1. By its C-alpha gyration tensor, with a ≥ b ≥ c as the square roots of the eigenvalues, how is the stretch 26-102 shaped: rounded for a/c under 1.5, else prolate for a/b larger than b/c, else oblate?
2. Between Asp31 and Cys55, what is the label-point separation in nm under the 7 Å Cα-to-beta-carbon projection?
3. To two decimal places, what compactness ratio does the stretch 11-59 give when its Cα radius of gyration is scaled by 2.2 N^0.38 Å?
4. What does the charge count around Ala52 come to, taking other residues whose C-beta lies under 14 Å from its C-beta (Lys +1, Arg +1, Asp -1, Glu -1)?
5. How do Leu42, Leu35, Leu88 rank by accessible surface area computed with a 1.4 Å probe, from largest to smallest?
Amino acid sequence: MTSRQARRLPPSSLITDSGVDHVRLAYHYLDAGDLDGFSSLLHEDARLENPAPGCRHHIDRIVASGDCVVAIGRLTPQQVEFVDVFTLSEEGMLRSRRRYDAHPRLSAR
């Protein structure tokens, strides 16, 4: 294996745990309207779309493995379910986020 083909080692559990904390804090800062606090969690090369103002995140579950953190929850007052997939930097900072939205639940009649 050449140096170009060298495999990157998976991040330590400390980095993954730090990333989970950063994801939790990111939602806290966004819900509080603290964009400076939110920005402090981002890697310098971060690719995250602008947060939607006036939304509140209710997180049901966070799952993490290596450099990936997945948050499952819903936005209020819209009542839209979402899944956010975050990629972490080597330092545990938030590098990217991809959001998958679901349509609002239809009530059973």
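The values are calculated or read from the model by the stated rules, or taken from the named source; none is laboratory data. None of the values given here were measured: they were computed from a predicted structure. Counting neighbours? That spans all protein chains shown, and the Cβs are built from the backbone with ideal geometry, glycine included. Each accessible area value is taken on the protein alone, full model and side chains, heavy atoms only, with ligands, DNA and RNA left out. Shrake-Rupley method; radii C 1.70, N 1.55, O 1.52, S 1.80 Å.
1. oblate
2. Each label point is offset 7 Å from its Cα along the Cβ direction, giving 1.4 nm.
3. It is 1.19.
4. 0
5. Details: Leu42 45, Leu35 95, Leu88 5 Å².
Highest to lowest solvent-accessible surface, that is Leu35, Leu42, Leu88.
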